[in-house]
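For reference, the structure discussed in these notes is given below.
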Amino acid sequence: MTDLMHADEIRRQVRDAYASIRSAGGAVAEELYSPEELALVPPSAIDLSLGVANHLRWADLPRGGTVLDIGCGAGIDSILAAHRVGPEGAVVALDFLPEMLGRTAAAAAEAGAAIVQPLRATMEAIPLADAAVDVVVSNGVINLSPRKARVFAECGRVVRAGGQLCVSDITVDEEDLPPEVLTHPAAWAG
């Protein structure tokens, strides 16, 4: 795979696209999550949910375990993970956008999910120790990275032996797209 844009430019495009979102209307969350799951999450996290699936249905989140949520956004998956691992567990909510981390922190506080720990960092350089988490989850975010192989290498580094990676995302075969689409900012941030 060839980097057709610089990573800093891609991050700027993603920042511009996501930091300014004020509402997604909740329609995404209402399609992906059950009413029981949504009852555990504040309206602010539901309203700003931008994921592509409910991958947590397939994640084995152990009671008392540690979960890393890559690209936590407004916090819906971090909060649901916190409910599943319980108060003796931990959820690290990683995002490089301070706006998203603020939204996650506020929603987690409103949900009483004190174990959600916001962490500002990029998914290509996760500032956690080797084998620090039981499960890595990500919902519609890894596609935004220009260095996907690096993201997966970092996931492999931070997950414990026998741990789990549970990702939902969108994919596209780059050979099917012309360079003008691959390099267009909307293609990376959208």
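The values are calculated or read from the model by the stated rules, or taken from the named source; none is laboratory data. Note that the structure is predicted; figures quoted are calculated from it, not measured. Virtual Cβ from ideal backbone geometry, glycine too; neighbours counted across all protein chains shown.
Looking at Ala106, Ala125 in this structure, which one is closer than 21 Å to Val28 by Cβ and touching a helix residue (DSSP H, G or I) at 6+ places or on another chain (Cβ under 9 Å)? Outline the logic, then answer.
On the way: Ala125 fails: closer than 21 Å to Val28 by Cβ.
Residue meeting the stated conditions: Ala106.
Just to verify a result, which residue in the range 24-59, among those that are acidic (Asp, Glu) and at pLDDT 95 or above, is surrounded by the most Cβ atoms within 10 Å (Cβ to Cβ)?
Glu37
Looking only at the range 83-102, count every residue that is touching a Lys or Arg at 6+ places or on another chain (Cβ under 7 Å), crowded, with 17+ Cβ neighbours inside 10 Å and farther than 22 Å from Val159 by Cβ and tell me the total.
Within the range 83-102, residues that are touching a Lys or Arg at 6+ places or on another chain (Cβ under 7 Å), crowded, with 17+ Cβ neighbours inside 10 Å and farther than 22 Å from Val159 by Cβ number 1.
Taking the stated definitions as given, is Arg150 touching a Leu at 6+ places or on another chain (Cβ under 8 Å) and not in a loop (DSSP other than H, G, I, E, B)? Spell out how you get there, then give the answer.
Working: touching a Leu at 6+ places or on another chain (Cβ under 8 Å): no; not in a loop (DSSP other than H, G, I, E, B): yes.
Taking the combined requirement at face value, the residue does not satisfy it.
Farther than 25 Å from Asn143 by Cβ and either touching a Gly at 6+ places or on another chain (Cβ under 9 Å) or crowded, with 16+ Cβ neighbours inside 10 Å (or both): is that true of Ala105 in this structure? First the steps, then the outcome.
Details: farther than 25 Å from Asn143 by Cβ: no; either touching a Gly at 6+ places or on another chain (Cβ under 9 Å) or crowded, with 16+ Cβ neighbours inside 10 Å (or both): yes.
For Ala105, the condition - farther than 25 Å from Asn143 by Cβ and either touching a Gly at 6+ places or on another chain (Cβ under 9 Å) or crowded, with 16+ Cβ neighbours inside 10 Å (or both) - is not met.
So, in the range 123-145, how many residues would count as being of a type outside the set (Asp, Glu), buried (at least 19 other Cβ atoms within 10 Å of the Cβ) and on the phi < 0 side of the Ramachandran plot?
Residues of the range 123-145 of a type outside the set (Asp, Glu): 123, 125-129, 131-133, 135-145.
Next cut, buried (at least 19 other Cβ atoms within 10 Å of the Cβ) only: 123, 126, 133, 135-142, 144-145.
Those still in the list that are on the phi < 0 side of the Ramachandran plot too: 123, 126, 133, 135-139, 141-142, 144-145.
Looking only at that region, the number is 12.
Tell me, which residue of the range 164-176 that is in a loop (DSSP other than H, G, I, E, B) and in contact (Cβ under 8 Å) with a residue 40 or more places away in the chain is surrounded by the most Cβ atoms within 10 Å (Cβ to Cβ)?
Pass one, the range 164-176, residues in a loop (DSSP other than H, G, I, E, B): 169-173.
Within this subset, residues satisfying the condition of being in contact (Cβ under 8 Å) with a residue 40 or more places away in the chain are 169-170.
Values: Asp169: 17, Ile170: 11.
Ranking the candidates gives Asp169 first.
So which pairs qualify, if the first residue must be in the range 147-163 and under 19 Å from Ala90 (Cα atoms), the second must be of a type in the set (D, E, K, R) and not in a strand (DSSP E or B), the Cβ gap must be under 6 Å, and the two must be at least 6 apart or on different chains?
Taking only residues 6 or more apart or on different chains, the pairs are Arg157/Asp130.
In the range 94-140, which residues are acidic (Asp, Glu) and closer than 13 Å to Gly75 by Cα? Step through it out loud before you land on a result.
Step one: filter the range 94-140 for residues acidic (Asp, Glu), giving 95, 99, 110, 124, 130, 134.
Passing the criteria: Asp95, Glu99, Glu110.
I'm told Leu80 meets every condition in (1) of a type in the set (A, V, I, L, M, F, W, C); (2) crowded, with 16+ Cβ neighbours inside 10 Å; (3) touching a Pro at 6+ places or on another chain (Cβ under 8 Å) except one. Can you identify the failing condition by its number?
The failed condition is (3).
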